[in-house]
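**Student:** Attaching a single structure in structure tokens format; questions to follow.
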Amino acid sequence: MTALPLGSTIGILGDGQLGRMLAGAAARLGFDVVILGPGDHSPASRVAAHAIQADYTDKDALAEFSVRSDLVTLEFENVPVSALNMLLDMGATVHPGPKSLEICQDRHFEKSFARETGVPTADYWVVDSVDDLRAAMRELQGGGILKTRRDGYDGHGQRRLKSGDDPITVYGDLDGVPCILEAMVPFAGEVSVVLARSATGEIKAYDPAENVHTNGILHTSRVPARFDEAVLKSAQSAATQLITALGHVGVLACEFFVLEDGGLLLNEMAPRVHNSGHWTPEACLTGQFEQHIRAIAGWPLGPTDRLFDAEMENLLGEDIYKPLAPGDMVTLYGKREARAGRKMGHVVRKT
Ligand code: AMP
């Protein structure tokens, strides 16, 4: 691919805070952005040169979006793959491509892909019926979590199993949709590797961040993570294996469980910029949003060197009204309503 010319327009599928921050980074590099997403006055649309409010599979909207965009990307992994295929049929260049979405949208595909690539995951069983669940629960040793294969986020679409749970009730709690039953992992911690692969094949990873989740939602990411250098290096090399095997172009986030013995299990991947990389714009020479734009544009990737130890804390709901401390570097997403548990912004601190 030839590098995206200066002053081009980048189309972003998705209209949330990630699109807003991508648009800011694109603007710094001289690109305009057009947003396509369903939201009314969404965080991304209000900072874009143009926004189209429509469903992702609206053919007329996609046609207009395609004409306005020199290159298309995404900030939301649950954009239907059919939307990407329609854009490709219309002649658009789309990074990342459909393969990344197909795999990352489905927990079973994601885990089997990781295993085929040589990256281990937790034990899991595919559950398409109450009988499947009953059989899987018989094989499961210790605790487990039933997760919907698709559309789960921030702890939604998950149900932890307790001993004596009735499979009919448990499966009903997740509306009987296709699921996986995953063995509980007694992890020593969680790390994520955010990395980018450019349209030219160049790869650069950030330092792995150590993540703490509360109620299934990311609470803090810290760098450096407090694990041995060897563990962190193997997380980076597993993530490099995954991004290469996916043929992914853009930023990818790989979340791992770290076991007591230093072993790693892939939990999930996100084919986009990621919440656990929100410390990078402040703490690194090149932030994840700029890196994503560079990667899809076929520009040289920027250096990922970290300038200081850092902590990123999410601001949920009314947290945005808490007073800031000196040195807090805050980003707010411009959401109109501070609902409980909703990601409203984040703070990065030098530690
Ligand atoms: P997920 O949406 O799958 O990333 O899950 C959100 C969070 O729930 C993870 O980051 C973990 O903190 C926890 N979790 C998910 N799956 C497991 C598991 N199999 N064992 C232990 N904790 C888990």
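The values are calculated or read from the model by the stated rules, or taken from the named source; none is laboratory data. Just so it is clear, the structure is predicted and the values come from calculations on it, not from any experiment. Glycine gets a Cβ as well: all are built from the backbone with ideal geometry, and neighbour counts include every protein chain shown. Ligands, DNA and RNA are excluded from the accessible area calculation, which covers all protein heavy atoms including side chains. Shrake-Rupley method; radii C 1.70, N 1.55, O 1.52, S 1.80 Å.
**Student:** So which residues in the range 98-138 are within 15 Å of the ligand (Cβ to nearest atom) and more than 30 Å from residue 249 (Cβ to Cβ)?
**Tutor:** 123, 125, 127, 136, 137 - these are the residues of the range 98-138 that are within 15 Å of the ligand (Cβ to nearest atom) and more than 30 Å from residue 249 (Cβ to Cβ).
**Student:** Tell me which residues, restricted to the range 281-301, are open to solvent by less than 40 Å² (accessible area, probe 1.4 Å) and in a helix (DSSP H, G or I).
**Tutor:** 283, 288, 289, 290, 291, 292, 293, 295, 296, 297
**Student:** For residue 171, indicate whether it is in contact with a strand residue (DSSP E or B) (Cβ under 8 Å, 6 or more places away or on another chain) and more than 12 Å from the ligand (Cβ to nearest atom).
**Tutor:** For residue 171, the condition - in contact with a strand residue (DSSP E or B) (Cβ under 8 Å, 6 or more places away or on another chain) and more than 12 Å from the ligand (Cβ to nearest atom) - is met.
**Student:** Among the candidates 57, 9, 73, single out the residue that is among the polar types (S, T, N, Q), open to solvent by less than 20 Å² (accessible area, probe 1.4 Å) and either closer than 19 Å to residue 294 by Cβ or out of contact with any Asp or Glu (no Cβ under 9 Å at 6 or more places or on another chain) (or both).
**Tutor:** After applying the criteria, what remains is 73.
**Student:** Mind counting the residues in the range 1-56 that are in a loop (DSSP other than H, G, I, E, B) and either under 19 Å from residue 78 (Cα atoms) or not aromatic (Phe, Trp, Tyr) (or both)?
**Tutor:** Total satisfying the criteria: 25.
**Student:** Among the residues of the range 28-54, which ones are without any contact (Cβ under 8 Å) to a residue 24 or more places away in the chain and either touching a Pro at 6+ places or on another chain (Cβ under 6 Å) or surrounded by fewer than 16 Cβ atoms within 10 Å (Cβ to Cβ) (or both)?
**Tutor:** Result: 38, 40.
**Student:** Looking only at the range 177-192, count how many residues are in contact (Cβ under 8 Å) with a residue 40 or more places away in the chain and more than 14 Å from the ligand (Cβ to nearest atom).
**Tutor:** 1
**Student:** While we're looking at this one, here's another question. When you scan the range 210-219, do you find a residue that is open to solvent by less than 50 Å² (accessible area, probe 1.4 Å), on the phi < 0 side of the Ramachandran plot, away from the ligand (no atom under 11 Å from the Cβ) and assigned by TED's automatic domain parsing to the domain that holds residue 295, even just one?
**Tutor:** Yes: one or more hits.
**Student:** Another one. When residue 155 is evaluated against the numbered criteria (1) assigned to a loop (DSSP other than H, G, I, E, B); (2) more than 15 Å from the ligand (Cβ to nearest atom); (3) surrounded by fewer than 18 Cβ atoms within 10 Å (Cβ to Cβ); (4) not basic (Lys, Arg), which criterion, by number, is the only one it fails?
**Tutor:** All conditions are met except number (2).
**Student:** Looking at (1) more than 15 Å from the ligand (Cβ to nearest atom); (2) open to solvent by less than 20 Å² (accessible area, probe 1.4 Å); (3) not hydrophobic (A, V, I, L, M, F, W, C), which is the only condition residue 207 fails?
**Tutor:** So residue 207 meets the others, but not (2).
**Student:** Looking at 268, 260, 255 in this structure, which one is assigned to a loop (DSSP other than H, G, I, E, B) and within 16 Å of the ligand (Cβ to nearest atom)?
**Tutor:** Only one candidate qualifies: 260.
**Student:** Do we find that residue 177 is open to solvent by 50 Å² or more (accessible area, probe 1.4 Å), at pLDDT 95 or above and not assigned by TED's automatic domain parsing to the domain that holds residue 257 in this structure?
**Tutor:** So residue 177 fits the description; yes.
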